[in-house]
1. Which of the residues that make up region 108-136 are within 12 Å of the ligand (Cβ to nearest atom), under 31 Å from the mean Cα position of the chain (by Cα) and more than 20 Å from THR49 (Cβ to Cβ)?
2. Out of (1) part of a helix (DSSP H, G or I); (2) at pLDDT 95 or above, what's the single condition that is false for ALA21?
Amino acid sequence: MLDRIKDRHDIDPERLIADSAYGSGPMLGWVVDRDINPHIPVLDKSGRTDGTWSRADFEWDAENNQYICPEGEPLKQFRRNYSDPNRGPSGKGVAKYQALKHTCQACPSKMKCCPKADARKITREEHEDARQVARDIAKTKQYAISMRLRKKVEMLFAHLKRILGLGRLRLRGPCGANDEFLLAATAQNLRKLAKIFPAPQQMRKA
Ligand code: SF4
């Protein structure tokens with residue numbers, strides 16, 4: 001769709017509004033790589049339900065490639081300097097960060113952080129930078145406006161499906177679908193226009 005709108009109308013969108021179905025890491029990475037601001041809720045399954053601190057409670061320190069825990073201790077990916085950057089304890093597309101065992105053992109917040117492990121570990125997915133871009137955007141006023149705009153569009157689709165009965169098409173093939181959607185969209189626009197410009201009241205005869 002982005003390529004098509006570029007070819008046909010020479011439009012390079014600055015932002016893209018979508019629902020959380022588009023909030024996966026690879027999708028956000030793809031959008032950010034194209035210099036588009038993702039106004040998309042981030043799909044994040046790193047939250048914890050047992051009351052212990054989740055990844056969001058740890059601060060990301062990009063300059064030093066490490067997380068800082070709420071107690072101010074670093075969680076590092078490598079504790080040694082590897083000459084080959086591909087070596088070391090990292091999985092494919094996922095980087096693992098770990099605090100020092102003796103630090104966590106002596107930490108007063110251990111029960112809130114990693115009650116069952118010797119030391120706290122955190123994973124960072126490949127597209128975490130793009131996810132962070134989306135998270136930062138989600139705190140802005142513009143994002144709140146975007147979400148309202150998204151709902152407006154979704155309401156139109158819901159109206160097409162529920163009220164105008166387009167859950168199922170009657171005509172066959174792409175041309176039939178095109179005709180049905182064109183008529184339905186025309187009806188929607190007429191309905192909108194009727195609301196914006198109400199018909200003048202008829203004068204009642206005495
Ligand atoms: S348990 Fe370890 S990682 Fe967690 S807060 Fe304490 S020092 Fe930091």
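1. If the condition is that a residue be within 12 Å of the ligand (Cβ to nearest atom), under 31 Å from the mean Cα position of the chain (by Cα) and more than 20 Å from THR49 (Cβ to Cβ), then ALA119 is the only one that fits.
2. Among (1) part of a helix (DSSP H, G or I); (2) at pLDDT 95 or above, ALA21 violates only (2).
One line per residue, one yes/no per condition, for (1) modelled with pLDDT under 85; (2) farther than 17 Å from ASP136 by Cα; (3) part of a loop (DSSP other than H, G, I, E, B):
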{"site": "VAL31", "(1), (2), (3)": "no, no, no"}
{"site": "PRO41", "(1), (2), (3)": "no, no, yes"}
{"site": "ASP44", "(1), (2), (3)": "yes, no, yes"}
{"site": "ARG48", "(1), (2), (3)": "yes, yes, yes"}
{"site": "ASN64", "(1), (2), (3)": "no, yes, yes"}
{"site": "TYR82", "(1), (2), (3)": "yes, yes, yes"}
{"site": "ARG87", "(1), (2), (3)": "yes, yes, yes"}
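The values are calculated or read from the model by the stated rules, or taken from the named source; none is laboratory data. A quick note: this is a predicted structure, and the numbers were derived from the prediction, not measured. In this analysis, Cβ positions are derived from the backbone assuming ideal geometry, glycine residues included, and neighbour counts consider all displayed protein chains.
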